[in-house]
Amino acid sequence: MNSNVFRMPARRSAALAAAAALVAGPVVLAAPAQATGGAGASGGKGKASAVVLRTGLDVSLLNKSVQVPLRAALNEVQAPADADRTALTVELDGVDQGKPFTVLRADVATARATVDEKKAEGYANIAHAKVHVPGLPLLSLIEVREVTSKAVCAAGAKPVAESNLLGAVTVLGKKVTLSAGGPTRVEVPGVGEVTLDLSQTRTTSRTAAATALELRVAVNPLKLNVADVQGTVTLAEATCEAPAAPVKQEQPEPEKEGVVPQTAGEPVAENLAETGGSSTTPYLAGGAVLLLAVGGGSLVLVRARGRS
């Protein structure tokens, strides 16, 4: 038998050595960890606020000879620190012939603002409330059964703002039906005019704000001590700003055994390309030829002995 059958070319010997090294020693590939994070990844605390009532009115007394700004807020709270207030009335001095004047009286008036590492939330609620302005001691500017506003800003989530109005609303003694599609205008001859906006909400990527009711007031009652009241009144307002989302670390990929990068010029890849299979295929074929030759020789020898 020709001994060349068992002789391996130097290039194929190198290929077998490389394949043996792959089997004997696994190669581990691990991707480096990467930090991810969008806006606010550098850090930042959330914010929240809430107020039951806020007035921004200008009052003109005695035929506009005396100007009195009416700036009042009931249960106005702000956080990062938790805050919660439940006062039921707000009074002003010096606008009703020198006597204290009650702007608002309610059965329930709650404002709450909370902030932690994960969420900021503002909440305002008012129930069975009456709002008055100077010059109209017996006639309410507005009466509401219940209004609520809520703003929630969670880190990494879409902010939410919502307001709800329950029950009837009375403006200058008239019951009105409010529409979310636009402002509602109420006019009372000899008294004045009020325009109301219902349930205003605004959101951005990290902030939210909700206002249950906002009134634009123009009251000019006849034959009274107050000549003119102009400005705005806000009921149940809540705002928030989300804390920054935490920076996340990506976990390394699982270890992969027996994987190494290869190029077209390496021996293992070349042998695979030549045979379309394993690099040991030619040697297996050579062994098969050798076995066939030995078997054939044995058959000839048996037949010769049989003839003799």
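The values are calculated or read from the model by the stated rules, or taken from the named source; none is laboratory data. Note that the coordinates shown come from a computational prediction; the quantities given were computed from them, not determined experimentally. Glycine also receives a Cβ, built like all others from the backbone with ideal geometry; neighbour counts cover every protein chain displayed. Note: accessible area is taken over every heavy atom of the protein model, side chains too, but ligands, DNA and RNA are not part of it. Shrake-Rupley method; radii C 1.70, N 1.55, O 1.52, S 1.80 Å.
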log10 of Debye I(q)/I(0), alpha-carbon scatterers only, for the stretch 83-158 at 0.12, 0.13, 0.22 Å⁻¹: -0.47, -0.53, -0.96
Accessible-area value, ASP107, 1.4 Å probe, nucleic acids and ligands omitted, Å²: 100 Å²
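Hey, got the dipole for the stretch 128-208? About the Cα centre, +1 on K and R Cβ, -1 on D and E Cβ, debye to the nearest 20?
Values: 9 positive and 6 negative charges, 51 e Å.
The dipole of the stretch 128-208 has a size of about 240 debye.
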Kirkwood hydrodynamic radius of the stretch 116-166, from inverse mean 1/r over distinct Cα pairs, in Å: 13.2 Å
Protein accessible area in the stretch 129-214, 1.4 Å probe - carbon and sulfur %: 50 percent
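Report, to two decimal places, the Cα Rg of the stretch 130-219 normalised by 2.2 N^0.38 Å (N = number of residues). Intermediate values should be presented prior to the final figure.
Working: Rg = 15.4 Å, N = 90, 2.2 N^0.38 = 12.2 Å.
In units of the 2.2 N^0.38 Å rule of thumb, it is 1.27.
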12 Å beta-carbon shell around ALA87, net charge (K/R +1, D/E -1): -1
Amide H within-cut-off set for SER140, under 5 Å, with H built and near neighbours excluded: GLY173
Placed amide H near GLU76: partners under 5 Å, 5+ positions off or other chain: VAL52
Residues of the stretch 72-168: accessible area per residue with a 1.4 Å probe, Å²: 50 Å²
For VAL90, residues with placed amide H under 5 Å, excluding near neighbours: VAL103, LEU104
